[in-house]
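The values are calculated or read from the model by the stated rules, or taken from the named source; none is laboratory data. No experiment lies behind these values; they were computed from the predicted model shown. Every residue, glycine among them, receives a Cβ derived from its backbone with ideal geometry; neighbour counts consider all protein chains shown. Accessible surface is based on the protein model in full, side chains and every heavy atom, while ligands, DNA and RNA are left aside. Shrake-Rupley method; radii C 1.70, N 1.55, O 1.52, S 1.80 Å.
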Amino acid sequence: MKFNPAQAIQDLQQFGEFGGVNPSITDSSTYTFLEGETMEDTFHGKMEGCFLYSRHWNPSNKYLADALSAMENTGSAWVAASGMAAITCSLLQLCNSGDHIITSITTYGGTYAFLKNWLPKYNIEVSFVDITNIEQVKNAMRPNTKVIYTESVTNPLLQVSNIPVLSEIAHKANAKLLVDNTFSPLIISPAVLGADIVVYSMTKFINGKNDCVAGAICGSNEFVDQLSNVNNGTAMLLGPVLDPMRSSSILKNLNTLHIRMVQHSKNAKFLAENFEKMGLKVKYPGLKKHPQHKLHCELMNKKFGFGGILSLDFETETKANEIMQKMQNAGVGYLAVSLGYFKTLFSCSGHSTSSEVPLGIQKEMGLSEGLVRLSVGLDSNIENTFQRIISCL
Ligand SMILES: *Cc1c(COP(=O)(O)O)cnc(C)c1O
């Protein structure tokens, strides 16, 4: 039977301290011990289930991490204060000075900036490739390559990564495949397909309420132990801990993710198909003419659809801005960055979430200056939304 990530979350039984149907929130930074020896053992990671200090582990964060590791089938997980914290802690845990990373050139702008501007300061080299070109990936491999980094569905160009093939290339060379699955939770299960580590910006679909910033790292027990090691773990030592109040509310939202993803996907597909019929330049992995449509079909957990993100190319920034302003006034949604919200959000990628990528490189990767990314909301009447959008064109 095929792995069902939503069922894996639902099957968890996590009770509150007094039998509550929701786990209790532990709003404590530190924990008491009855004996001094137990404290020392906990410090050295010998005491399973004991909590020491909330930058290390907090019970509320553990409940959320357990649910995420069930969803990804990774064995373990760690929650972080932002998606960027999840990405940077993972990469820094895996790489030392002198190592090499291969990354998709199209990634989230913050990730691109970290890989391009920050890591070279520590003598970690990064090669940027077209992740859909497997020959290019193979040719970029070096003896010191430690990580292949990609997004399941890339931001903002919506290329689909061939996770099984990339994982084979990485593993042959003793490297790890690290996948950002922010755009396609439940839809794609990267670890089941061969990825070693899956990272998330939970700010987006997983939480789905745009009321906080949060991230997650899903990986093996061994990797999560390394991250939280008191002597050399990046999560422990760089310290981007998630607030337990927040992790408690994200956990409740995670339990409705499967219903939301179905609705986001249904609405986005409706819009994409109708934009295509009108002859607009639309990109959506659910369209047959999308270059990796077949691959997406092979990789996906079918019942959750092709996701809530699509892009429309209006060619110039001026045109894009004019249309986005009209769409906001017509009640289509909000002109704002971010995604995975219950309302539709739209922004011009090249001048917002990908503005860290120099213009020349944006051109090279095929990011038009008039590209508008739409994160389609949970609209109950998408035909009506479609009419409102076309009245703005
Ligand atoms: C937003 C986003 C991030 C960064 O996450 P934050 O929670 O804002 O730190 C990383 N990757 C992708 C694909 C994103 O969309």
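Determine if segment 209-223 includes at least one residue that is in a strand (DSSP E or B), within 13 Å of the ligand (Cβ to nearest atom), open to solvent by less than 10 Å² (accessible area, probe 1.4 Å) and touching a Gly at 6+ places or on another chain (Cβ under 9 Å).
Yes, segment 209-223 contains a residue that is in a strand (DSSP E or B), within 13 Å of the ligand (Cβ to nearest atom), open to solvent by less than 10 Å² (accessible area, probe 1.4 Å) and touching a Gly at 6+ places or on another chain (Cβ under 9 Å).
Before we move on, is VAL199 within 12 Å of the ligand (Cβ to nearest atom), outside any loop (DSSP other than H, G, I, E, B) and within 23 Å of VAL79 (Cβ to Cβ)?
Yes: the conditions hold for VAL199.
Somewhere in segment 271-292, is a residue in contact with a Pro (Cβ under 7 Å, 6 or more places away or on another chain) and part of a loop (DSSP other than H, G, I, E, B)? Talk me through it step by step, then tell me what you get.
The first filter runs over segment 271-292 and keeps only residues in contact with a Pro (Cβ under 7 Å, 6 or more places away or on another chain), leaving 292.
Among the residues that remain, those that are also part of a loop (DSSP other than H, G, I, E, B) are: 292.
Yes, some residue in segment 271-292 is in contact with a Pro (Cβ under 7 Å, 6 or more places away or on another chain) and part of a loop (DSSP other than H, G, I, E, B).
Specify which of the listed residues (LEU94, LEU12, LEU68) is under 21 Å from GLU222 (Cα atoms) and open to solvent by 10 Å² or more (accessible area, probe 1.4 Å).
LEU94
So ILE309 fits all but one of (1) free of Cβ contacts under 8 Å to residues at least 12 places away in the same chain; (2) β-branched (Val, Ile, Thr); (3) in contact with a strand residue (DSSP E or B) (Cβ under 6 Å, 6 or more places away or on another chain); what number is the exception?
Only one criterion is unmet by ILE309, namely (1).
Those residues that are among the polar types (S, T, N, Q), crowded, with 19+ Cβ neighbours inside 10 Å and over 19 Å from VAL165 (Cβ atoms), I need them from segment 111-132; list them, please.
Residues of segment 111-132 among the polar types (S, T, N, Q): 111, 117, 123, 127, 132.
Checking the rest, the ones that are also crowded, with 19+ Cβ neighbours inside 10 Å come to 111, 132.
THR111 - this is the single residue of segment 111-132 that is among the polar types (S, T, N, Q), crowded, with 19+ Cβ neighbours inside 10 Å and over 19 Å from VAL165 (Cβ atoms).
Provide a single number: the residues in segment 330-341 that are touching a residue at least 24 places away in the same chain (Cβ under 8 Å) and over 17 Å from CYS212 (Cα atoms).
4
When segment 306-348 is examined, which residues are found to be within 15 Å of the ligand (Cβ to nearest atom), crowded, with 20+ Cβ neighbours inside 10 Å and in a loop (DSSP other than H, G, I, E, B)?
Answer for segment 306-348, where residues must be within 15 Å of the ligand (Cβ to nearest atom), crowded, with 20+ Cβ neighbours inside 10 Å and in a loop (DSSP other than H, G, I, E, B): GLY307, GLY308, LEU339, GLY340, TYR341.
Residues are listed down the side, and each one gets a yes or a no for (1) among the hydrophobic types (A, V, I, L, M, F, W, C); (2) surrounded by fewer than 21 Cβ atoms within 10 Å (Cβ to Cβ); (3) in contact (Cβ under 8 Å) with a residue 12 or more places away in the chain:
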position: LYS146; (1), (2), (3): no, no, yes
position: GLU151; (1), (2), (3): no, no, yes
position: PRO156; (1), (2), (3): no, no, yes
position: VAL160; (1), (2), (3): yes, no, yes
position: LEU166; (1), (2), (3): yes, no, yes
position: ALA173; (1), (2), (3): yes, yes, yes
position: PRO185; (1), (2), (3): no, no, yes
position: ALA191; (1), (2), (3): yes, no, yes
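Tell me, please, whether a residue that is open to solvent by 40 Å² or more (accessible area, probe 1.4 Å), over 28 Å from SER189 (Cβ atoms), outside the structural domain of ASN210 (by TED's automatic domain parsing) and without any contact (Cβ under 8 Å) to a residue 12 or more places away in the chain can be found in segment 371-381.
yes
Inside segment 349-393, can you point out the residues that are within 17 Å of PHE314 (Cα to Cα), charged (D, E, K, R) and assigned to a loop (DSSP other than H, G, I, E, B)?
GLU369
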